[in-house]
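> Input: one structure, supplied below.
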Amino acid sequence: MITRLVTSFLFASLLAGQQAPESASREAIQHLQTGVELEKRGDLDNAIKEFSDATRISPNYEMGFLNLGDAYMKKGEYGKAIAPLNKAAELNPDSPTTQRLLGFALLSQGYAANAIPHLERVREYGALGIAQMESGKYSEAVASLQAALAKTPNDPDLLYYLARASEGLSSQSMDSLLSAFPGSARAHQAMAQHYFSTKDTAKAEQEYEQAIRMRSDLPGVRLELGEVYASVSDWPKAEQLFRQETQIQPGSAEAAFRLGDALMKQGKMKEAVSELLRSDELHPDMPETLYDLGKSALNLQPPEAERALLRVTELEKETLLASQAYQALSVLHRKQGKTELASKELQEFQRIQSLLQNNLAKSN
Amino acid sequence: MRARVLLSCLGVSALITAGSTVGTDPVFRVYTPKGLDFVLQNSPTMKKYLIETMPGGVALLDYNRDGLLDIFLVNGGRVPSSNGKLDFFSRHEPSYWNRLYRQNPDGSFTDVTEKAGLSKAGDTNYGMGVAVGDYDNDGYPDLYVTNYGRNILYHNNGDGTFTDVTEKAGVAAGGWSVSAGFFDYDNDGKLDLFVVRYLDWSMQKNKTCGTQMPTYCPPGEFPPVSNLLFHNRGDGTFEDVSVKSGIAVKKGHGLGVAFADFDGDGFADVFVANDAIEQYLFHNNGDGTFREVALDSGAALTVDGKKLSGMGVAFQDYDNDGKPDLVVTQLPHEPYGVFHNDGQGVFSEQGLEAGLGLLSGNVSGWGVGLEDFNNDGWKDLFIIQGHVFDNVEKYDSTIKYLEPPLLALNHDGRFERANAGTDEAVAGRGAAFGDLNNDGWMDVVATRLQGAPLVFMNRGGKAHWLGIVLEGTKSNRDGYGARVEVNGQVRFATAAGSYLSSSDPRLHFGLGAATTALIDIRWPSGIRQKVAADKVDQYLVIKEKSAP
């Protein structure tokens with residue numbers, strides 16, 4: 001990513017058509033112009049030699065140092081670019097080109113903290129966010145990367161670094177919480193999350209229970225503990241926890257969905273339908289809620305099932321959930337004797353499944 | 001809400017047992033009867049040959065017609081040592097033989113393998129399963145043993161001995177055969193033979209999977225193979241009609257097989273439990289051909305469109321609506337499959353509705369039966385369990401290699417966990433169902449890798465029951481394929497089903513408080529026969545009447 005950012009900002013010819021400054025001798029300028037010509041032809045080695053001659057003849061020749069640093073960067077020798085770019089920045093601190101290139105050069109060599117002031121000056125938010133993240137300044141990194149993404153949305157590299165920075169910020173916040181308030185309910189919840197992520201469910205369960213004992217009204221803890229039970233298919237306990245969460249957070253669509261799902265897994269379809277309908281009302285058009293609703297209502301309330309599953313197919317295109325909704329619809333319609341429709345839905349299920357498998361094979 | 005998916009995907013260690021039956025009365029007394037000294041030798045190696053984890057079957061049959069069920073157990077075989085010097089399986093040592101145990105009047109068993117002529121298990125073979133049926137209608141049950149290698153048909157001579165008639169019969173098959181079953185697909189009164197084959201495998205073609213440590217490869221690593229159908233010519237020989245009948249059209253990774261007439265057209269259909277691909281339902285067209293209809297009929301995939309790792313299968317009516325349903329056992333992470341027969345040739349997967357979401361999900365099932373263990377008039381569920389990989393815990397701490405058996409009693413079509421009489425975790429495989437002591441309460445015999453078979457002897461109770469022994473005249477002698485209705489309950493006569501195993505061919509009905517029974521039989525010949533039983537708690541022999 002850093003290399004990509006750097007190369008995108010390298011200039012084909014920094015000095016083309018520029019007038020001779022007072023700080024440079026005619027001979028130095030001649031070397032510089034020769035270097036630029038060589039660089040245009042792709043002869044970076046000789047260009048570097050010419051730029052070096054220019055800076056030797058005129059030691060305060062800013063453009064000479066800038067072009068020398070630029071040539072090194074084009075050659076991929078970022079470490080060698082730092083010294084001439086530093087000199088160029090010293091001679092002209094207001095040059096955005098110099099600041100940008102120096103920031104990139106420093107970042108590419110692991111000097112993230114040193115790169116930050118240069119990148120800040122030119123508001124080069126993508127690279128700045130990376131430098132801040134590498135320096136442990138997660139909060140600033142998240143802000144910078146979000147600013148960069150505002151300019152180039154959906155950039156996969158920026159999204160990747162944003163995810164990493166957010167993760168770092170989360171971890172940093174957790175560390176602060178645990179060191180400042182080690183016995184707090186939130187600290188136990190954080191520990192439980194850690195244990196759950198490392199598959200140690202017994203300890204996760206203990207920590208969640210402790211958090212609940214300390215603050216019985218804490219929102220979200222029962223939801224998370226319920227997920228622990230759900231992960232080992234202990235649906236009765238999961239149901240109990242999700243039900244408690246819906247009492248603490250009656251407006252939570254997530255809690256209602258979880259409860260509905262746990263009820264469905266136990267075959268309590270009537271109750272599941274009721275809870276999933278409630279979740280759908282609280283937060284309409286959530287595909288997973290609608291899919292569970294469709295499944296739960298399949299044999300009990302076919303019209304409701306049909307409505308929910310069709311809505312999934314409207315919301316989801318060529319996804320696993322969409323294919324599953326088509327499969328469930330084919331089951332429903334086959335049972336209703338609508339054979340032709342069921343066959344079409346089955347074909348659509350197979351088409352999407354095949355597409356997903358092909359995509360998976362390609363990505364592997 | 002994508003985070004939901006991520007959260008639910010996080011694997012976790014098993015902190016909670018899936019269910020408890022503490023405090024409820026055990027249905028079975030679980031033990032190994034005196035004389036039943038068999039040990040299932042699967043010969044596990046570091047090479048992780050796929051075949052090591054797959055045996056073995058068990059059959060309950062009354063081979064000597066003394067009125068007591070006997071037990072036939074299929075053994076694995078000796079796998080070559082890990083340096084691969086041998087390129088075939090050895091069955092030479094007696095510890096690798098299949099075994100026939102005759103039941104004595106006191107409930108003990110006597111090994112009669114050699115006396116019965118069954119000691120030659122077939123060198124180079126590796127044993128898998130067993131099917132039982134009276135293919136020559138002489139009144140004595142014959143044995144068909146499946147193997148990796150050459151299968152063997154043993155004709156029951158009626159004098160306590162058997163003769164290997166494989167060559168003459170033409171049913172040696174080949175490759176890797178697993179479950180098999182006798183049924184009469186053309187209703188000509190002679191039992192035909194269906195043989196399920198797993199995949200295209202040999203020791204030379206074996207692959208070992210696993211990145212951190214070696215383990216058995218999934219079936220998708222090996223090419224699929226077709227199943228076999230042998231038509232009984234009636235002269236002691238069979239014709240391979242696999243291609244002609246359309247059965248061979250569909251290649252798969254079959255493990256289990258069961259028969260029932262799912263659409264009520266009078267012809268027995270075939271369900272093949274496939275491992276990690278779509279399940280197959282071969283509809284019998286009634287003209288000697290079959291059409292595979294699982295996907296179109298809704299019996300191929302779960303309601304979520306997922307493929308089952310099908311192992312064993314039961315094809316009986318669990319909700320007493322008169323139509324045969326399907327229960328398919330499989331590997332963890334999804335509940336066992338329950339395909340409810342909705343009528344009109346349509347199934348819908350209703351595992352959650354039937355309560356299987358609470359009973360499975362983190363367990364692996366093999367042999368399976370739908371039998372009325374408490375005689376209340378509802379068929380209950382028994383599944384012998386245990387994972388495929390003997391080192392699965394190292395891959396996934398939520399799953400166990402050894403698992404206790406599952407017993408679930410049926411309450412109006414919904415299964416609820418019950419006390420099976422043991423919590424002993426085993427690597428269960430085959431399971432056969434029958435009334436070992438003729439007390440009217442169904443028992444179970446299950447196999448486990450590297451261990452003695454488990455006998456689940458039903459403790460009984462007060463409810464009434466009726467046992468029916470069919471004796472076909474125009475139909476096949478065993479009456480396989482008959483639809484028998486007793487006081488509104490329906491059973492489809494068969495010994496096939498489960499995994500690699502063959503069950504008591506007698507039909508068992510729990511009657512609850514009823515002291516009389518109305519029996520309605522539709523024989524494979526088409527003959528309809530109604531019988532009123534004024535007395536219950538007995539085994540009733542019903543001979544097929546001669547005219548419709």
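The values are calculated or read from the model by the stated rules, or taken from the named source; none is laboratory data. All values reported here derive from a predicted model rather than from experimental measurement. Please note: Cβ atoms are built from the backbone with ideal geometry, for glycine as well, and neighbour counts cover all protein chains shown.
> For the structure I just gave you, tell me whether B:V531 is without any contact (Cβ under 8 Å) to a residue 40 or more places away in the chain, in a strand (DSSP E or B) and in contact with an Asp or Glu (Cβ under 9 Å, 6 or more places away or on another chain). Give the derivation first.
Numbers: without any contact (Cβ under 8 Å) to a residue 40 or more places away in the chain: yes; in a strand (DSSP E or B): yes; in contact with an Asp or Glu (Cβ under 9 Å, 6 or more places away or on another chain): yes.
Yes, satisfied.
Table: residues versus (1) crowded, with 24+ Cβ neighbours inside 10 Å; (2) closer than 19 Å to B:L370 by Cβ; (3) touching a strand residue (DSSP E or B) at 6+ places or on another chain (Cβ under 7 Å).
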position	(1), (2), (3)
B:D435	no, yes, yes
B:A452	no, no, no
B:Y480	yes, yes, yes
B:V486	yes, yes, yes
B:G510	yes, yes, yes
B:D520	no, no, yes
B:W523	yes, no, yes
B:D534	no, no, no
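> So in segment B:352-362, with the set limited to residues that are among the aliphatic types (A, V, I, L, M) and out of contact with any Pro (no Cβ under 6 Å at 6 or more places or on another chain), which one is farthest from the other protein chains (Cβ to nearest Cβ)? If you could, list the steps in order and put the result at the bottom.
Narrowing segment B:352-362 to residues among the aliphatic types (A, V, I, L, M): B:352, B:354, B:356, B:358-359.
Narrowing the set further to residues that are out of contact with any Pro (no Cβ under 6 Å at 6 or more places or on another chain) leaves B:352, B:354, B:358-359.
Values: B:L352: 5, B:A354: 7, B:L358: 5, B:L359: 9 Å.
Among residues in segment B:352-362 that are among the aliphatic types (A, V, I, L, M) and out of contact with any Pro (no Cβ under 6 Å at 6 or more places or on another chain), the one farthest from the other protein chains (Cβ to nearest Cβ) is B:L359.
> Please go through segment B:29-50 and pick out each residue that is buried (at least 23 other Cβ atoms within 10 Å of the Cβ) and not in a loop (DSSP other than H, G, I, E, B).
B:L50
> Just checking: which of the strands (runs of 3 or more DSSP E) contained wholly in segment B:129-246 hold 1 or more residues that are touching a Gly at 6+ places or on another chain (Cβ under 6 Å) and closer than 20 Å to B:V270 by Cα?
Working: elements: B:142-148, B:152-156, B:162-164, B:177-183, B:192-197, B:228-232, B:238-240.
Of the strands (runs of 3 or more DSSP E) lying wholly inside segment B:129-246, those with at least 1 residues that are touching a Gly at 6+ places or on another chain (Cβ under 6 Å) and closer than 20 Å to B:V270 by Cα span B:142-148, B:177-183, B:192-197, B:238-240.
> Let me ask another. Which numbered condition in (1) modelled with pLDDT under 90; (2) surrounded by 14 or more Cβ atoms within 10 Å (Cβ to Cβ) is the only one that A:R164 fails?
Exception for A:R164: condition (1).
> Answer yes or no: is there a residue in segment B:411-424 that is of a type in the set (A, V, I, L, M, F, W, C), modelled with pLDDT of 95 or more, over 16 Å from the mean Cα position of the chain (by Cα) and within 30 Å of B:D263 (Cα to Cα). Steps first, answer last, please.
We begin by selecting, within segment B:411-424, every residue of a type in the set (A, V, I, L, M, F, W, C); these are B:415, B:418, B:420.
Of the ones still in play, those that are also modelled with pLDDT of 95 or more are B:415, B:418, B:420.
Next, only the ones that are over 16 Å from the mean Cα position of the chain (by Cα) stay: B:415, B:418, B:420.
Applying the additional criterion that residues be within 30 Å of B:D263 (Cα to Cα) yields B:415.
Yes, segment B:411-424 has at least one match.
> Among (1) of a type in the set (D, E, K, R); (2) touching a strand residue (DSSP E or B) at 6+ places or on another chain (Cβ under 7 Å); (3) within 14 Å of another protein chain (Cβ to nearest Cβ); (4) surrounded by fewer than 24 Cβ atoms within 10 Å (Cβ to Cβ), which single condition is B:E349 missing?
Single failed check for B:E349: (4).
> Is it the case that segment A:322-342 has a residue that's under 20 Å from B:G298 (Cα atoms), more than 12 Å from every other protein chain (Cβ to nearest Cβ) and of a type in the set (A, V, I, L, M)?
So in segment A:322-342, the residues under 20 Å from B:G298 (Cα atoms) come out as A:322-342.
Those left that are additionally more than 12 Å from every other protein chain (Cβ to nearest Cβ): A:341.
Remaining after also requiring of a type in the set (A, V, I, L, M): A:341.
Taking every residue of segment A:322-342 in turn, at least one turns out to be under 20 Å from B:G298 (Cα atoms), more than 12 Å from every other protein chain (Cβ to nearest Cβ) and of a type in the set (A, V, I, L, M).
> Could you please find all residues in segment B:91-148 being touching a residue at least 60 places away in the same chain (Cβ under 8 Å), closer than 18 Å to B:D164 by Cβ and hydroxyl-bearing (S, T, Y)?
Matches in segment B:91-148: B:Y126, B:Y135, B:Y140, B:T146, B:Y148.
> Could you tell me which numbered condition B:D478 fails, if it satisfies all but one of (1) within 20 Å of the chain's Cα centre (by Cα); (2) free of Cβ contacts under 8 Å to residues at least 40 places away in the same chain?
(2)
> In addition: Restricting to segment A:219-272, count the residues that are within 11 Å of chain B (Cβ to nearest Cβ), aliphatic (A, V, I, L, M) and either in contact (Cβ under 8 Å) with a residue 40 or more places away in the chain or assigned to a helix (DSSP H, G or I) (or both).
Counting residues in segment A:219-272 that are within 11 Å of chain B (Cβ to nearest Cβ), aliphatic (A, V, I, L, M) and either in contact (Cβ under 8 Å) with a residue 40 or more places away in the chain or assigned to a helix (DSSP H, G or I) (or both) gives 10.
> Considering only segment A:87-144, state which residues are surrounded by fewer than 18 Cβ atoms within 10 Å (Cβ to Cβ), outside any helix (DSSP H, G or I) and more than 25 Å from the chain's Cα centre (by Cα).
Passing the criteria: A:N92, A:P93, A:D94.
> Of all residues in segment A:273-290, how many are outside any loop (DSSP other than H, G, I, E, B) and within 9 Å of chain B (Cβ to nearest Cβ)? Before you say what the answer is, go through the steps one by one.
So in segment A:273-290, the residues outside any loop (DSSP other than H, G, I, E, B) come out as A:273-282, A:287-290.
Subset that is within 9 Å of chain B (Cβ to nearest Cβ): A:287-289.
Qualifying residue count, segment A:273-290: 3.
> Which of the strands (runs of 3 or more DSSP E) contained wholly in segment B:367-482 include at least 2 residues that are more than 29 Å from B:P218 (Cβ to Cβ) and within 14 Å of another protein chain (Cβ to nearest Cβ)? If you could, list the steps in order and put the result at the bottom.
Numbers: elements: B:380-385, B:406-411, B:414-417, B:428-434, B:443-448, B:454-458, B:464-471.
Hits in segment B:367-482: B:406-411, B:414-417.
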